[in-house]
Amino acid sequence: MSLGFQFCTGLSSYRAEGYAGSLFHTAKHLALGTAEVQSFFIIHPNRQVCCGEVHFHIDGATAISRMYAPFGSFLFNNRLAPEVISDFIDYCEHELKKNGVEKLVLVHAPNQYYAEQYALLHPLLFKKEFYLLDAEVSSLLHVERGNFSEALHEWEQRKLRQARVAGLQAICVPGEELQGLYDFLKGCRRQKGYELSMSYGEVEQLYLHFPEAIHLFAVYDKSRIAAAALCVVVNPEVLYAFYYDHHRDYDRVSPVVLLMEFIYRWCAEKKFRYLDLGTSTTAEGMVNFPLLAFKLHLGAVPSPKYIFQKVLK
């Protein structure tokens with residue numbers, strides 16, 4: 001125990017309090033993968049609520065904080081004393097090492113998701129001899145800041161006007177059309193020489209388990225899809241644009257700008273704070289500068305997304 005708080009492993013039936021969780025920290029999402037899961041929790045001794053958590057998938061002698069999700073590092077109540085967080089990290093290390101783990105990998109969310117927590121967590125990790133394994137650039141649209149078009153680069157404003165003049169219309173797409181939308185996005189990626197990171201079967205399982213968290217959007221040219229997006233509700237503050245693209249026949253009008261305007265307005269209606277446009281990384285792990293520039297031209301703000309690693313001694 002640390003300052004009276006209890007640390008435990010396994011599953012927790014206690015309600016989380018004082019921090020925004022994520023879809024990727026839920027037991028239901030953790031169960032989607034095939035790898036062994038080890039979960040750790042901080043429990044308040046008097047109120048019997050969960051004040052912090054982290055989950056690892058075990059891959060041989062490596063424990064990675066989520067193998068089947070974009071991130072999954074430590075989450076905790078901002079009011080916890082730093083000593084409690086420090087002791088909790090030590091506890092997790094000790095328990096994992098006791099079970100044969102030799103290396104820890106922590107995959108963090110974009111910094112903006114949990115800015116206050118990460119401001120404390122990152123220095124603690126460095127002091128405990130974690131090192132920075134990789135860093136990516138995420139791009140977040142701040143929905144609460146106001147009108148989408150006000151932050152647009154002049155070129156993207158032009159594309160938005162062109163899409164409207166061309167009569168393109170953005171809409172919400174019902175979940176029953178998931179496969180058609182997935183196939184459209186898959187085709188768009190293949191036009192550019194890429195593949196989607198998840199198969200349709202994996203995406204379908206995600207939708208079947210979390211229908212309330214998956215939202216589909218599209219831009220239509222009469223009856224033809226010009227652009228589409230598959231988005232995931234990470235938590236009540238963040239909508240993550242997981243896949244989005246447009247058909248190359250519409251390069252001239254860049255319908256993704258119209259698509260993002262529609263999704264941005266949808267986020268504002270639903271009271272989301274951020275629309276996460278994802279990272280801009282090539283298959284080789286380099287920065288995709290044209291893609292990053294496009295996201296920044298949409299008015300997005302860059303936010304680092306770190307991966308930490310530690311070899312247990």
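Scan segment 190-203 residue by residue and report those that are assigned to a helix (DSSP H, G or I), touching a residue at least 12 places away in the same chain (Cβ under 8 Å) and over 20 Å from the mean Cα position of the chain (by Cα).
191
Let's see how each residue does on (1) surrounded by fewer than 21 Cβ atoms within 10 Å (Cβ to Cβ); (2) within 19 Å of the chain's Cα centre (by Cα):
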| residue | (1), (2) |
| --- | --- |
| 50 | no, no |
| 58 | yes, no |
| 61 | yes, no |
| 65 | no, yes |
| 87 | yes, no |
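May I ask you to list the residues in segment 10-48 that are of a type outside the set (A, V, I, L, M, F, W, C) and open to solvent by 70 Å² or more (accessible area, probe 1.4 Å)?
Within segment 10-48, 13, 14, 15, 28, 34, 36, 46, 47 qualify.
Kindly indicate whether residue 241 is open to solvent by 10 Å² or more (accessible area, probe 1.4 Å), within 21 Å of residue 160 (Cβ to Cβ) and of a type in the set (Gly, Ala, Ser).
Answer is no for this residue.
Of all residues in segment 269-288, how many are modelled with pLDDT of 95 or more and hydrophobic (A, V, I, L, M, F, W, C)?
3
For segment 289-313: of the residues being open to solvent by less than 30 Å² (accessible area, probe 1.4 Å), assigned to a strand (DSSP E or B) and not charged (D, E, K, R), which is farthest from residue 147 (Cα to Cα)?
Across segment 289-313, the extreme among qualifying residues is 309.
Determine, yes or no, whether residue 115 is buried (at least 21 other Cβ atoms within 10 Å of the Cβ) and either assigned to a helix (DSSP H, G or I) or small (Gly, Ala, Ser) (or both).
Spelling it out, it is not the case that residue 115 is buried (at least 21 other Cβ atoms within 10 Å of the Cβ) and either assigned to a helix (DSSP H, G or I) or small (Gly, Ala, Ser) (or both).
Hey, does segment 265-288 have a residue that's within 30 Å of residue 133 (Cβ to Cβ), acidic (Asp, Glu) and open to solvent by 10 Å² or more (accessible area, probe 1.4 Å)?
Looking through segment 265-288, at least one residue is within 30 Å of residue 133 (Cβ to Cβ), acidic (Asp, Glu) and open to solvent by 10 Å² or more (accessible area, probe 1.4 Å).
Return the only residue of 127, 97 being open to solvent by 50 Å² or more (accessible area, probe 1.4 Å) and out of contact with any helix residue (DSSP H, G or I) (no Cβ under 9 Å at 6 or more places or on another chain).
Of 127, 97, the one residue that is open to solvent by 50 Å² or more (accessible area, probe 1.4 Å) and out of contact with any helix residue (DSSP H, G or I) (no Cβ under 9 Å at 6 or more places or on another chain) is 97.
Just give me the residues in segment 190-223 being over 23 Å from residue 236 (Cα atoms), hydrophobic (A, V, I, L, M, F, W, C) and either modelled with pLDDT of 95 or more or surrounded by fewer than 18 Cβ atoms within 10 Å (Cβ to Cβ) (or both), in sequence order.
Selection gives 198, 219.
The values are calculated or read from the model by the stated rules, or taken from the named source; none is laboratory data. No experiment lies behind these values; they were computed from the predicted model shown. Neighbour counts are summed over all protein chains in view; Cβ atoms, including those assigned to glycine, are modelled from backbone coordinates with ideal geometry. Heavy atoms of the whole protein, side chains included, go into the accessibility calculation; ligands, DNA and RNA do not. Shrake-Rupley method; radii C 1.70, N 1.55, O 1.52, S 1.80 Å.
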